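Take a look at the structure below.
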Amino acid sequence: MKPFLAGASLLILAMAAGSVLARDAGAVEVARFQAPEARQGVAVGAAHIYAVDNSTIAKYDKVTRAKLAEWKGDPARFPHINSCAVIGAELVCANSNYPQTPMRSSVEVFDPATLAHLRSIPLEGAPGSLTWVDRRDGSWWAGFANYDGRGGEAGRDHRATVVVRFDEAWAPKQTWRYPDEVLARFAPSSNSGGIFGSDGLIYASGHDRPEIYALKADPASPTLSLVAILPAPIEGQAIAWDPVQPRIVWGISRANREVVAFRAPPVVP
């Protein structure tokens, strides 16, 4: 183990008061290993880790780090799988045609045991490129990225990045925009990862900054509330909470093709 940013500040944003409070706390790195597929993000189950790279998903043993299986899809059909999440008995992944336009997105579902592809769910008329999917309180939640340059569409930039709640049939029910503080940190790229914590907050990441954002979705507000900015030993990209180790977040170092795990400090919702 090695500490990362042990003396860094965890910024807790008191949004109601409009002030910024600082608390000494830092992420502590607990694991790091090489995975050639660690290019877009990572998913984590009780015993396995899944590294994601566009048209490739690789399954690793969480303890030994041995590579157990690999799925390779047709890049024409699966051009940009950005993230996956172990949800119930399935591996649910976010796919888009990034950087092509007009933007098209789909949810791709796999068997986490064999990595066999099970089904596709096209998301017609999506408000951006799908980057992450999660499930909470009987709803599907998804992040849709928009970009300033490559992969962007005319009339929209990173400020159009949103989170959408869907019902069981994938009909959109509510949309939230990101707060300006987070959008500024996404620029000129966008939101890459997102997943709910056990505290009910959405933990989101960008494409390059070494930090993740804890956010609250209030049904009465069109904008997510920023609760905290957490320093992290990753350069953005898709992230995952460990389902059996409390406060352990998994992510990647895209530059080094490494899977990284770190213990995140607690956040007060």
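Every residue, every condition in (1) surrounded by fewer than 16 Cβ atoms within 10 Å (Cβ to Cβ); (2) at pLDDT 95 or above; (3) in contact with a Cys (Cβ under 6 Å, 6 or more places away or on another chain); (4) more than 18 Å from residue 211 (Cβ to Cβ), yes or no:
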| residue | (1), (2), (3), (4) |
| --- | --- |
| 151 | no, no, no, yes |
| 175 | yes, yes, no, yes |
| 178 | no, yes, no, no |
| 186 | no, yes, no, no |
| 192 | no, yes, no, no |
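Any idea how many residues of the stretch 116-135 are touching a Lys or Arg at 6+ places or on another chain (Cβ under 9 Å) and surrounded by fewer than 18 Cβ atoms within 10 Å (Cβ to Cβ)?
Of the residues in the stretch 116-135, 3 are touching a Lys or Arg at 6+ places or on another chain (Cβ under 9 Å) and surrounded by fewer than 18 Cβ atoms within 10 Å (Cβ to Cβ).
If a residue counts only when it is in contact with a strand residue (DSSP E or B) (Cβ under 6 Å, 6 or more places away or on another chain) and within 17 Å of residue 40 (Cα to Cα), which strands (runs of 3 or more DSSP E) contained entirely in the stretch 87-187 have at least 1 such residues?
So the answer is 90-96, 105-110, 129-136, 139-145.
Conditions: (1) touching a residue at least 40 places away in the same chain (Cβ under 8 Å); (2) in contact with a Pro (Cβ under 9 Å, 6 or more places away or on another chain). Residue 104 meets all but one. Number of the miss?
(1)
Give the residue that is surrounded by the fewest Cβ atoms within 10 Å (Cβ to Cβ), with candidates limited to residues of the stretch 202-220 that are part of a loop (DSSP other than H, G, I, E, B) and hydrophobic (A, V, I, L, M, F, W, C).
Among them, the one singled out is 220.
When both residues are 6+ apart or on different chains and their Cβ atoms are under 6 Å apart, which pairs have a first residue that lies in the stretch 42-54 and is touching a residue at least 60 places away in the same chain (Cβ under 8 Å) and buried (at least 19 other Cβ atoms within 10 Å of the Cβ), and a second that is part of a strand (DSSP E or B) and of a type in the set (Ser, Thr, Tyr)?
43/50; 49/60
Of the conditions (1) of a type outside the set (Phe, Trp, Tyr); (2) touching a Lys or Arg at 6+ places or on another chain (Cβ under 6 Å); (3) surrounded by 19 or more Cβ atoms within 10 Å (Cβ to Cβ); (4) farther than 27 Å from residue 175 by Cα, residue 247 satisfies every one except a single condition; which number is it?
Going through the list (1) of a type outside the set (Phe, Trp, Tyr); (2) touching a Lys or Arg at 6+ places or on another chain (Cβ under 6 Å); (3) surrounded by 19 or more Cβ atoms within 10 Å (Cβ to Cβ); (4) farther than 27 Å from residue 175 by Cα, residue 247 breaks only (3).
Looking at residue 24 and the list (1) of a type in the set (Asp, Glu); (2) modelled with pLDDT of 95 or more; (3) over 20 Å from residue 239 (Cα atoms), which single condition is not satisfied?
(2)
Which residues, counting only those in the stretch 140-165, are in contact with a Leu (Cβ under 9 Å, 6 or more places away or on another chain), among the aromatic types (Phe, Trp, Tyr) and touching a residue at least 60 places away in the same chain (Cβ under 8 Å)?
Once the filter is applied, which keeps residues that are in contact with a Leu (Cβ under 9 Å, 6 or more places away or on another chain), among the aromatic types (Phe, Trp, Tyr) and touching a residue at least 60 places away in the same chain (Cβ under 8 Å), the stretch 140-165 yields nothing.
The values are calculated or read from the model by the stated rules, or taken from the named source; none is laboratory data. Quantities reported herein were computed from a predicted structural model and do not represent experimental measurements. Counting neighbours? That spans all protein chains shown, and the Cβs are built from the backbone with ideal geometry, glycine included.
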